[in-house]
Every structure is written in C-alpha cells, then in structure tokens.
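The values are calculated or read from the model by the stated rules, or taken from the named source; none is laboratory data. These numbers come from a predicted model, not from an experiment. Cβ placement follows ideal geometry from the backbone for every residue including glycine, while neighbour counts extend to all protein chains displayed. Heads up: the accessible areas ignore ligands, DNA and RNA and are worked out on the full protein's heavy atoms, side chains in. Shrake-Rupley method; radii C 1.70, N 1.55, O 1.52, S 1.80 Å.
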Amino acid sequence: MNVQKKILLGFLVLLCFVIVSGGLSIFQMKQMGNKTEEIQVNWLPSVAILGEMNGQATNMPRLLNRLGLESDTTIMNEVEQEAIHTLERIDQLLVEYEKLITEESTLEHQYFEDYKKSWEAYKNDVPAILSIAKESNTSLLSLPIP
C-alpha cells in the first residue's frame, strides 16, 4: 500500500467516525428536545400549581389569626371573604393539579389523595374557626396589664 492510499483510507475512516458521531449527536439532541418538551408540558405547570397552592395554604392561618384579632366588622367581613376565596382557589388548584398527574406515577397519585383527604378535613373545620374568630372578644386585648 502506498502513501496516497494510506492517506485516503485514513481520511475515509476519519470521515466515517465524524458521520457516525454526528448522527449519534443529532439523535441525542432529538431525545433531549423530547425530554425538554415533556418537562415543559408536564412538570413545570405542576410545579407552578404546587407553589401557588403552598402559598395559598400558608396564607390561611394568617387570615384566620387576623380575623380573630380584628374588631372592625367591615375589615372582618373582608378578611372572611378573602379566606373563603382562598379556600375556593385551593380547590381549583387541586382540580388543575390532578389533571397533570400521569398514570405511571402511582406514588404521586397516592400522595395527592392523602393530601386531598387532609385538605378536606381542614376545610371542613374552617367554618367553625371562622365563627369562633368572628365571635371572639378582642376588647380584652386592649386592657392594660396590672
């Protein structure tokens, strides 16, 4: 084999490696694009919903405490309406999140059902808490300490 054939053969081998490497790279990029689309469609909306749900659920004790400490009836009514709106918003978020749970994630579905039961128990206690908070005597809070 002369030098010219060796150089040509080396070039062809290198060209084959480049073509195979490029093909594999394109295939991997296609798979990454599919995974990125799956994350964007399935995971990001659920993370956003969970974040808002967390914020709304964290807001509930603050609203109930504020209602119990308030003495002005107009502000009490506003806070009560905000608490009721928060409960309704969390229920909407639960429905939206349930739609995003995939069939293959049985553990996530189990966690969601457990959370949903706990939320329903909490939500059923809120009307009693609201009535107690509205009837609380906040005038005692302003009495001087002897």
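What the table shows:
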{"quantity": "Accessible-area value, Ser105, 1.4 Å probe, nucleic acids and ligands omitted, Å²", "calculated": "30 Å²"}
{"quantity": "Distance (nanometres) between label positions extended 7 Å along Cα→Cβ at Tyr115 and Leu12", "calculated": "6.1 nm"}
{"quantity": "Per residue solvent-accessible surface (Å²) - the chain, probe of 1.4 Å", "calculated": "75 Å²"}
{"quantity": "Alpha-carbon centroid distance for the pair the stretch 43-82 / the stretch 20-40, whole angstrom", "calculated": "43 Å"}
{"quantity": "Between 0 and 90°, nearest 10: helix 3-38 axis offset from the chain longest Cα axis", "calculated": "20 degrees"}
{"quantity": "Per-residue [θ]222 nm for the chain (sum of -39500 (n - 2.57) over DSSP H runs n ≥ 4, rounded to 500)", "calculated": "-29500 deg cm²/dmol"}
{"quantity": "Additional length obtainable on full extension of the chain from Met32 to Ala128, 0.36 nm per residue less Cα span", "calculated": "29.4 nm"}
{"quantity": "Exposure ranking of Asp91, Asp125 by accessible area [1.4 Å probe, largest first]", "calculated": "Asp125, Asp91"}
{"quantity": "Of (1) 18.2; (2) 9.1; (3) 17.4, the label for mean projected area of the Cα convex hull in nm² derived from the coordinates", "calculated": "(3)"}
{"quantity": "Potential extension, Glu135-Arg89 segment - 0.36 nm per residue separation minus Cα distance", "calculated": "14.0 nm"}
{"quantity": "Accessible surface, 1.4 Å probe, highest first, among residues Leu69, Leu64", "calculated": "Leu69, Leu64"}
{"quantity": "With DNA, RNA and ligands ignored, accessible area of Lys35 (1.4 Å probe; Å², nearest 10)", "calculated": "130 Å²"}
{"quantity": "Exposure ranking of His85, His109 by accessible area [1.4 Å probe, largest first]", "calculated": "His85, His109"}
